[in-house]
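Q: Let me begin by handing over the structure; questions about it come next.
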Amino acid sequence: MWGDIHWGSFLVAIVVILVVPGPDFVLVTSNAVVDRRAGWWTAAGCTSGLLVHAVAATAGLSAVLVAMPAAFVVVKVLGAAYLVYLGISSIVKAGRGAAPEESAAAPVTVRSPWAAFVRGVANNVLNPKVMLLFLTVVPQAMDPAADPVPQAMVLSATVIGLFGLFWVLVVPSVRLLTGWLSRPRPRRLFERGCGAALIAMAATLATA
């Protein structure tokens, strides 16, 4: 039913994307530093926002791939290009020694768990990087010879599950993580490593 999904490369790519700080990471950690409960609710909102991207990508991509199988090649090329872009951006950012551009994201004023949750949902749904993840990285792992619908569903569910697990690990250790990433040398090494891994994953997935 799922065909020959390229699980190895897909999982490594998702894990690398997960650990590269983005808007969701900045929002969750900044709220968790102020109030651990707010951090949990913000993380729950960000994870819930993934459902919107997953449903849209599963429905839209599946329809396109069923109607035009040749589009699969185009999607794979775009996905590989996106990973290369993320990798180069991470390496260049490390070379500049600049703080992540996403640091402009402001923590939500902690008035209620609902406010933190809604902010997390909005932050994720409006994040173009998450949308591109579902529209480019997920299809690269799919088997073009198999039904795209169940493949898109199981891959999307895997992404959501990994993000959820990531927040379970991040929120309790937020002070340690933010302190470590605020140091210039460790942050540069971390960003360069992530960048190189993303470029390698692009090559692996594109030729799978």
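Q: Is one or more of the residues making up the range 35-45 at pLDDT below 85 and either farther than 26 Å from A196 by Cα or surrounded by 14 or more Cβ atoms within 10 Å (Cβ to Cβ) (or both)?
A: yes
Q: Next up: Restricting to the range 20-52, give me the number of residues that are part of a helix (DSSP H, G or I) and under 17 Å from F134 (Cα atoms).
A: The total comes to 9.
Residues are listed down the side, and each one gets a yes or a no for (1) at pLDDT below 75; (2) surrounded by fewer than 16 Cβ atoms within 10 Å (Cβ to Cβ); (3) among the β-branched types (V, I, T):
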position: L86; (1), (2), (3): yes, no, no
position: I91; (1), (2), (3): no, no, yes
position: V108; (1), (2), (3): yes, no, yes
position: V118; (1), (2), (3): no, no, yes
position: V121; (1), (2), (3): no, no, yes
position: N124; (1), (2), (3): no, no, no
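Q: What is the number of the single condition among (1) in contact with a helix residue (DSSP H, G or I) (Cβ under 9 Å, 6 or more places away or on another chain); (2) at pLDDT 70 or above that A71 does not meet?
A: (2)
The values are calculated or read from the model by the stated rules, or taken from the named source; none is laboratory data. Remember, it's a predicted structure, so these values are computed and weren't measured experimentally. All Cβ positions, even for glycine, are placed from backbone atoms using ideal geometry, and neighbour counts span all protein chains on display.
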